[in-house]
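Got a structure for you, written out below as structure tokens; questions coming shortly.
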Amino acid sequence: MMRIALGIEYDGRGYHGWQKQANLVTVQETLETALSKIAQEPIEVVCAGRTDTGVHASGQVIHFDTNVERNMRAWVFGTNSFLPHDICVRWAKRVPKDFHARYSAQSRTYRYIIYDQSIRPALFRHNVTWQYRALNTEKMQEAANHLIGEHDFSSFRSSDCQASTPIRHISKLTVTRSGHTHNSHHIQIEITANAFLHHMVRNIAGVLMAIGSEKRPSLWAKEVLNAKDRRLGGETAPPYGLYLIHVLYPSHFQIPESPCAVDIFG
């Protein structure tokens, strides 16, 4: 029995999230079907981070166990030949049995992309979140700074969250206008944490957008955090602009880093 890790990229708009569900099209089921054709045996995969309906990924990492001998090229190009055009395998690597796509991860990084322009976008409308008001990124960053560190993020978790604890550690949370020019309409919220709660990134994005549109002061982010009550946390931002872009593992596993497909908005 050998363990194989894969880097996966997908556009989530046509799927009911990552996790396999009865009678619904999901990324996991679609990928397992393709891998099983290459292996000629049933394949079940484990992912680094389960994404919601409509959420995308350029840096998802998975692993699976198999007795079948295939070269890494077959796991990449062969699997891609059986996948729809909105999912692809970026790389494949044999890993030791103690590697685990989820539990070996040290951190995960998401990027949330906002298009703030009065006219709605036609291109990339399913790949960015449209905000018709111009957003103040300086105030958004002031607010974001209150969330960095280890906190109880109960105000930013969904009611369906099954995590055993709401404590998470955010090591990075930046808000930048792409190209760092004032006339750009693409804003990126980039957030790195040891792990995330259900809807945590989208709920943080919702609070920051409310502050950026000056509906709320920057200090509101701290007030929401301290309240530990989801009902006081504002709207959940849409999924379209959210991407899982990187998962960090201990260096001895030598896990490749996938190119960040969303740099096209930079």
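Return the inverse of the average 1/r over all pairs of distinct C-alpha atoms in the range 47-183, which is the Kirkwood hydrodynamic radius, in Å to one decimal.
Working: mean 1/r = 0.0532 Å⁻¹.
Roughly 18.8 Å, rounded to one decimal.
Here are some values of Cα extents along the principal axes in Å: (1) 58, 40, 37; (2) 91, 33, 31; (3) 65, 43, 31. Which one was computed from this structure?
The listed entry that was calculated here is (1).
Also, I was wondering about something else. Could you compute the longest span of the chain free of GluC sites (Glu not before Pro) located in DSSP loops and having at most 15 other Cβ atoms within 10 Å, not counting the site residues?
On the way: sites that count: GLU44, GLU69, GLU214, GLU235, GLU257.
For GluC sites (Glu not before Pro) (loop position, at most 15 other Cβ atoms within 10 Å), the longest site-free span of the chain is 70-213.
Who wins for biggest fluctuation among ASP160, ASP116, ASP65 in a Gaussian network model of the chain, springs between alpha carbons below 10 Å?
Its mean-square fluctuation being the largest, the pick is ASP160.
Skip the ligands, DNA and RNA, and give the accessible area per residue of the range 117-256 with a 1.4 Å probe, whole Å². All intermediate terms of the calculation are to be shown ahead of the outcome.
Values: 7100 Å² over 140 residues.
For the range 117-256, the solvent-accessible area averages 51 Å² per residue.
Considering only protein heavy atoms, what is the solvent-accessible area of ASP86 at a probe of 1.4 Å, reported in Å² to the nearest 10?
50
Which loop trypsin sites (Lys or Arg not before Pro) in the range 163-240, with loop taken from DSSP, have no more than 11 other Cβ atoms within 10 angstrom of their Cβ? Numbers along the way, then the final one.
Numbers: sites: ARG168, LYS172, ARG177, ARG202, LYS215, LYS222, LYS228, ARG230, ARG231; in loops: LYS215, LYS228.
Qualifying residues, ordered by number: LYS215.
Within the chain, what whole-number % of the accessible surface is contributed by carbon and sulfur, with the 1.4 Å probe and all protein chains included in the calculation? Could you put the intermediate results ahead of the total?
Details: 6280 of 12810 Å².
Carbon and sulfur together cover 49 percent of it.
Between 0 and 90 degrees, rounded to the nearest ten: what's the tilt of helix 27-39 against the longest Cα principal axis of the chain?
Long axis of 27-39 versus the principal axis of the chain: about 20 degrees.
Which sequence of LEU24, LEU123, LEU147 reflects their accessible areas, 1.4 Å probe, from the largest down?
So, going from the largest accessible area down, we get LEU123, LEU24, LEU147.
Roughly how many Å is it from the Cα centre of the range 234-255 to that of the range 158-172, as a whole number?
14
I need the per residue convex hull volume for the range 146-266, using only the alpha carbons, in cubic angstrom as a whole number. Each step should come with its number before you reach the end.
On the way: hull volume 15.5 nm³, N = 121.
Dividing the Cα hull volume of the range 146-266 by its residues yields 128 Å³.
On a 18 Å Cα-Cα criterion, which of the cross-link pairs LYS139/LYS228; LYS139/LYS222; LYS139/LYS215 come out too long? Don't skip to the end; give the middle numbers.
Values: LYS139/LYS228 22 Å; LYS139/LYS222 13 Å; LYS139/LYS215 11 Å.
In this structure, LYS139/LYS228 exceed 18 Å between Cα atoms.
Oh, and also: List the chymotrypsin sites (Phe, Trp or Tyr not before Pro) within the range 121-211 that DSSP assigns to loop and that have no more than 16 neighbouring Cβ atoms inside 10 Å. Walk me through the numbers on the way to the answer.
On the way: sites: PHE124, TRP130, TYR132, PHE153, PHE156, PHE196; in loops: PHE124, TYR132, PHE153, PHE196.
For chymotrypsin sites (Phe, Trp or Tyr not before Pro) across the range 121-211 that sit outside H, G, I, E and B with at most 16 neighbouring Cβ atoms in 10 Å, the list reads PHE124, TYR132.
The values are calculated or read from the model by the stated rules, or taken from the named source; none is laboratory data. Quick caveat: nothing in here was measured; it's all calculated off a predicted structure. We place every Cβ from the backbone using ideal geometry, glycine too, and count neighbours over all the protein chains shown. Accessible surface areas use protein heavy atoms only, side chains included; no ligands, DNA or RNA. Shrake-Rupley method; radii C 1.70, N 1.55, O 1.52, S 1.80 Å.
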